[in-house]
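Comments concern the structure below.
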Amino acid sequence: MSAVDESSVASQRAPEAARTRDRRLKYVRRIAVAIWAAVIVYRTVTEGFAFNRELVLLYIAAGLLAASIGQVRRMLYVIRDWLPFALILLAYDLSRGAADMVGRPTLWEWPVEADRWLFFGTVPTVWLQEQLKQGQPPWWEVVLSCVYMSFFILPYVVAGVLWLRDRAEWKTFVRLFVGLNFAGLAIYALVPAAPPWAAARCTPADVEGGPAYAPCMFRSARGVPDGGVLGAMQSSQDGANPWIERIVGRGWGNLNMHTASALLDAGQASVNLVAAIPSLHAGMTAAVAAFLWHRVHGAWRPVLAAYVLLMAFTLVYTAEHYVIDILLGWALAAAVIVILHRYEKWRRARASRSADRSTEMVPLYERPDDPVVAAEPEPAAAPEPVAKPEPVMKPERLRRDVVAELDSR
């Protein structure tokens, strides 16, 4: 075989070897993702749901690394690209003492009065627990517990899917997530506010002066005179406790997931307890729904709307937030979305102007030829009159004239 033939065979084998390697890596990635999913399911069954956001972030990063095996640069991007989410979680932890450092008094009574004004003297949290709370959690409280916990999981899942499918969309979502969370954290430091469950445990005398972490917050609402700052329940269902309770984790009891409920309680105790205004639970839910609204099939839009409303109901019924907190959370989400939309529009316009300036700086002889512009057709000139042709003499008559002229000579 000649050297030319050997070179031709080698050039044909190289693409085939590359395709074989790609197929093997694809199988490896699928196996790694399957192992990752099995580990997540096993830990969920044995240890409960990952209510710790740091653990959720670790789960997602591990899954993305498994899906990027064989792509070294992409694996490095996992660490770099998910750093903003880690910074958000760190900021949450640091925000616990922000109210004390800034020195702003905590709002205890204003949110209650705002809800009373909105609902003509009735506090929605008190009314809902009077009407719906039972001694044992009904089946639908399982749904409420899942909806509440989706706040700690869904944004990261959406970000993970976008990271794999569309990097431009992922960047847009990250800006929304980071902007909304940092705006909320800044407001928490400037305007600390106690949630309904804390107001039910404290009397006006206990919170005089607006303390951020009054000792009364860590006791039961049972026996607190007149229902504390929140107000007393006037009635209750059979077997239900006649005071306002923080019941967002009760639904897990129906699934025998008491460990999950305990983890939720531990997680709630470690976060900022006076971060009620605005409700980031409501704001982030609305922001995710708005982000996905034009990116999903139309059949999913009622589900997105129902999700936002169900989250609001969950927060009010379980004494996590006032209605005013939810309205302010929605308003903050809308403001951040509008600002980011204008920023994107300004950035595109700036890029367009920059491209135009770059074109103007190119010498004329290096610029591409302008496309030929079709000229408008000129009006047609009037046709000139055609002269009539002179009559042609017939050949017979011409011959006779010539013969006559010759005879005369």
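Rule-based calculations on the coordinates, nothing more; no lab input. Keep in mind the model is a prediction, meaning the values are calculated, not measured. Because the Cβ atoms are built from the backbone with ideal geometry, glycine has one as well, and the counts that use them run over all protein chains shown.
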Please list, in chain and number order, the residues 5+ apart from residue 193 or on another chain whose amide H is under 5 Å from its amide H, with Hs placed from the backbone. 107, 275, 276, 277
Using only the Cα atoms of segment 141-183, build the gyration tensor, take square roots of its eigenvalues as a ≥ b ≥ c, and label the shape rounded, prolate or oblate: rounded if a/c is under 1.5, else prolate if a/b is larger than b/c, else oblate. oblate
If you take the charge dipole of segment 99-350 about its Cα centre, with +1 on Lys and Arg Cβ and -1 on Asp and Glu Cβ, which of 272, 158, 192 is farthest toward its positive end? 158
Can you work out the Karplus-derived ³J(HN,Hα) for every residue in segment 149-156? Use 6.51 cos²θ - 1.76 cosθ + 1.60 with θ = phi - 60°, whole Hz, and x for glycine or proline. 6, 4, 4, 8, 10, 4, x, 6
Within segment 122-143, which residues have the backbone N less than 17 Å from the label spot 7 Å out from residue 238 along Cα→beta-carbon, could you tell me? 131-138
Residue 20 versus residue 294, label points 7 Å from Cα toward the beta carbon: distance in nm? 4.9 nm
